[in-house]
Amino acid sequence: MKTNSLYLPFLFLLLASFPILAQEDGEYYSLEEALAANPKEVYILDLSEESFSRLPESLMAFTNLKELSVNGIELSEIGDIWGAFPNLEYLDLDDNAIQTLPPSFSQLTKLKTLYLASNQLGPEALKQVAAIPSLEELNLSKNTAMAAADWNALASLKKLKTLELLRLNLKECPKVLGQLPALNYLDLGENKIEEIKLSFGANLQNLDLSDNPLHTLDIQAEGLKDLFVNRTKIQKLPKQLAQLHYLSLDNCGMTEIPSQIIAYSQLKELSLIGNEIGELPESLTQLQQLEELLLSNNTLGEIPAFFAQIPNLTELHLDNNLIVVNNLEAPMKKLKLLYLSENIMGPNFFKGQYMPALEELYMSSCLLFSTPDFTGATKLKSIYLDANMIDKIHPSLAKLQELEELDLSNNEKLVFPKGMEKLPLTSLNISSCTSIDDLLEDDLVYEFPAFIAQLPKLESLEIANMPYDKLPKVWASKASLLYLDVSGTKLSYEQIKEVGLYHDQCDIIWE
């Protein structure tokens, strides 16, 4: 290769400037590099790849430091050096072995973010942390010895917005948390709290109490928008949470939906996954703002007719229940996504005429012998019917003019209706669709579905474990195909290459 000599000076200048460009923001990832630079121009320092047990005093040279990260290196001592960093705003000391904080730690008067999770700090450390009034974000999680601390010390943190106190073995919620006026996010997960009766400040928007033996939650939180109470023993919820948008009560052993929920008039998403709920109250229709309802892994036996009276419902998760009956008699006008997988239902269960806006349908593992009648569900873009016993495909499927994804894998031998080639499919999976009777034949060969080669927009095709030995010679999607799985078929490399499906952009799976 020849290089024009006129460009050599420019090339050398460009290469020489790389180190300057890399460090022009004052960010360094090793102590050695930072010490070799101008200490006054080191603003961000990450020492998480170092291997010292005590912070070196040489750090004191970086008097303009704004961000310091030293996490996950089993640091046991941090030294009494903190008066040297009057401009430090961010400090990450997570996942070390720190037991105490030095006296100078409280001199970090501009510190806004402090991470001390997963250390060995005791009760006294809380006083030093609380002596930094500028703090806005604090994580003290997984310092179990801190449980005995005097939490009232936190009252001085008037600017604190985010507080994480996970896995501290707390047996009660510190009352001082209701006295933090700026608190916006609070995580008390994985503790031993059984009851909370407290009034929080108006700025609290996100509260996570998951993984506690909590049975009673009696709080005032007028600005609360997101509440997580997963894997608890909750029996009593607050009577009024006027601004609540998201409520998650997953895996709480519930047999019915708590009545207090109906009063949360602004609720947009309700998650009750993994409970033992067998019936739904018609009072759910009072949640007129509800958009997403997650009821997966319960014991529901039917889709109630009153679902049509929840006007803004766009996403409904009913997978892995015991559903056999669909009682809908009116349209769910805004429903776009429906999960019905792992239920037991017949082909007449699905009522497309009541789902005019539906875009995604999941009916995997439902013991179906034929596909549903999709008439009326004209907006469908994605259909998943894998792991059933389907051999008959309803003609209405070929009329879905917006269908892009279709998964029919792991069914019986499929017979496709006329008109399939007109679908705008970009993804098709018909892998492992063979008749049980045919599996006993040694020289089994199926005819390749001709419509597949006529699909003009196909990008992904999966035909794994299908007894195909020939392919059509002409493919409408030859240029657009990006993924092709022919593993377990009788197709050869030469056949794929001959029809032009073998090209640089196409990822082909052979085995």
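Check residue 365 against each of (1) on the phi < 0 side of the Ramachandran plot; (2) surrounded by fewer than 20 Cβ atoms within 10 Å (Cβ to Cβ) and name the one condition it does not meet.
(1)
Let's see how each residue does on (1) in a strand (DSSP E or B); (2) on the phi < 0 side of the Ramachandran plot; (3) at pLDDT below 95; (4) under 28 Å from the mean Cα position of the chain (by Cα):
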site	(1), (2), (3), (4)
262	no, yes, no, yes
278	no, yes, no, yes
283	no, yes, no, no
312	no, yes, no, yes
329	no, yes, no, no
333	no, yes, no, yes
341	no, yes, no, yes
346	no, yes, yes, no
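So which of 183, 241, 224 is within 22 Å of the chain's Cα centre (by Cα) and either of a type in the set (Val, Ile, Thr) or buried (at least 22 other Cβ atoms within 10 Å of the Cβ) (or both)?
Among 183, 241, 224, only 224 is within 22 Å of the chain's Cα centre (by Cα) and either of a type in the set (Val, Ile, Thr) or buried (at least 22 other Cβ atoms within 10 Å of the Cβ) (or both).
Identify all residues within segment 90-132 that are under 21 Å from residue 43 (Cβ atoms) and in a loop (DSSP other than H, G, I, E, B); write none if there are none.
Let us first name the residues in segment 90-132 that are under 21 Å from residue 43 (Cβ atoms), namely 90-94, 104-105, 107-115, 132.
93, 94, 108, 109, 110, 111, 112, 132 - these are the residues of segment 90-132 that are under 21 Å from residue 43 (Cβ atoms) and in a loop (DSSP other than H, G, I, E, B).
Could you list, in sequence order, the residues of segment 446-462 that are out of contact with any helix residue (DSSP H, G or I) (no Cβ under 8 Å at 6 or more places or on another chain), assigned to a loop (DSSP other than H, G, I, E, B) and surrounded by 13 or more Cβ atoms within 10 Å (Cβ to Cβ)?
Result: 448, 456, 457, 459.
When the residues of segment 212-221 are narrowed to those that are surrounded by fewer than 20 Cβ atoms within 10 Å (Cβ to Cβ) and not β-branched (Val, Ile, Thr), which ends up farthest from residue 237 (Cα to Cα)?
213
Return the total of residues in segment 172-196 being more than 18 Å from residue 155 (Cα to Cα) and either at pLDDT below 95 or not polar (S, T, N, Q) (or both).
7
Any residue in segment 81-93 that's under 20 Å from residue 52 (Cβ atoms): show its pairings with residues that are in a helix (DSSP H, G or I) at Cβ separation under 7 Å, as long as the two are six or more apart or on different chains.
Correct list of pairs: 81/57; 81/59; 81/60; 81/104; 82/104; 82/105; 82/107; 84/60.
Being closer than 23 Å to residue 195 by Cα, without any contact (Cβ under 8 Å) to a residue 40 or more places away in the chain, of a type in the set (S, T, N, Q) and surrounded by fewer than 17 Cβ atoms within 10 Å (Cβ to Cβ) is true for just one of 143, 169. Which residue is that?
Matching residue, one of 143, 169: 169.
Which of (1) over 30 Å from residue 109 (Cβ atoms); (2) in contact with a helix residue (DSSP H, G or I) (Cβ under 7 Å, 6 or more places away or on another chain); (3) among the hydroxyl-bearing types (Ser, Thr, Tyr) does residue 216 not meet, given it meets every other one?
Residue 216 satisfies all of (1) over 30 Å from residue 109 (Cβ atoms); (2) in contact with a helix residue (DSSP H, G or I) (Cβ under 7 Å, 6 or more places away or on another chain); (3) among the hydroxyl-bearing types (Ser, Thr, Tyr) except (2).
Any chance segment 69-86 includes a residue that's modelled with pLDDT of 95 or more, farther than 24 Å from residue 28 by Cβ and surrounded by 17 or more Cβ atoms within 10 Å (Cβ to Cβ)?
No - not one qualifying residue is present in segment 69-86.
For residue 469, all conditions in the list (1) more than 18 Å from residue 448 (Cα to Cα); (2) surrounded by 13 or more Cβ atoms within 10 Å (Cβ to Cβ) hold save one; what is the number of the exception?
The number of the failed condition is (1).
Condition check ((1) under 18 Å from residue 368 (Cα atoms); (2) in contact (Cβ under 8 Å) with a residue 12 or more places away in the chain) across all residues:
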| position | (1), (2) |
| --- | --- |
| 410 | yes, yes |
| 416 | yes, yes |
| 421 | no, yes |
| 425 | no, yes |
| 429 | yes, yes |
| 441 | no, no |
| 448 | no, yes |
| 465 | no, yes |
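Collect the residues in segment 249-285 that are surrounded by fewer than 20 Cβ atoms within 10 Å (Cβ to Cβ) and of a type in the set (Ser, Thr, Tyr), keeping them in residue-number order.
Listed by number, the residues that qualify are 255, 259, 265, 271, 283, 285.
Would you pick out the residues in segment 285-300 that are part of a loop (DSSP other than H, G, I, E, B), aliphatic (A, V, I, L, M) and under 24 Å from the mean Cα position of the chain (by Cα)?
Passing the criteria: 290, 295.
Check residue 65 against each of (1) closer than 30 Å to residue 177 by Cα; (2) surrounded by 18 or more Cβ atoms within 10 Å (Cβ to Cβ); (3) of a type outside the set (Lys, Arg) and name the one condition it does not meet.
(1)
Of everything in segment 369-392, what is more than 30 Å from the chain's Cα centre (by Cα), surrounded by fewer than 19 Cβ atoms within 10 Å (Cβ to Cβ) and assigned to a loop (DSSP other than H, G, I, E, B)? Give them in sequence order.
Listed by number, the residues that qualify are 369, 373, 375, 376, 389, 391.
Only residues that are farther than 9 Å from residue 335 by Cα and either hydrophobic (A, V, I, L, M, F, W, C) or touching a His at 6+ places or on another chain (Cβ under 9 Å) (or both): list them for segment 303-317, please.
Residues satisfying the conditions are 303, 305, 306, 307, 308, 310.
Starting from segment 100-117, take each residue that is over 13 Å from residue 132 (Cα atoms) and hydrophobic (A, V, I, L, M, F, W, C) and list its partners that are part of a helix (DSSP H, G or I) and modelled with pLDDT of 95 or more, counting only C-beta distances under 8 angstrom and pairs at least six apart or across chains.
116/125; 116/129
Could you give me the residue pairs with C-beta distances under 6 Å whose first residue belongs to segment 147-165 and is in contact (Cβ under 8 Å) with a residue 24 or more places away in the chain, whose second residue is of a type in the set (D, E, K, R) wherever it lies, and which are 6+ apart or on separate chains?
Every condition considered, the pairs that remain are 153/127; 159/136; 161/136; 162/137; 164/187.
The values are calculated or read from the model by the stated rules, or taken from the named source; none is laboratory data. This one's a predicted model, so the numbers in the text were calculated from it and none came from an experiment. Backbone-built Cβ (ideal geometry, glycine too); neighbour counts: all protein chains shown.
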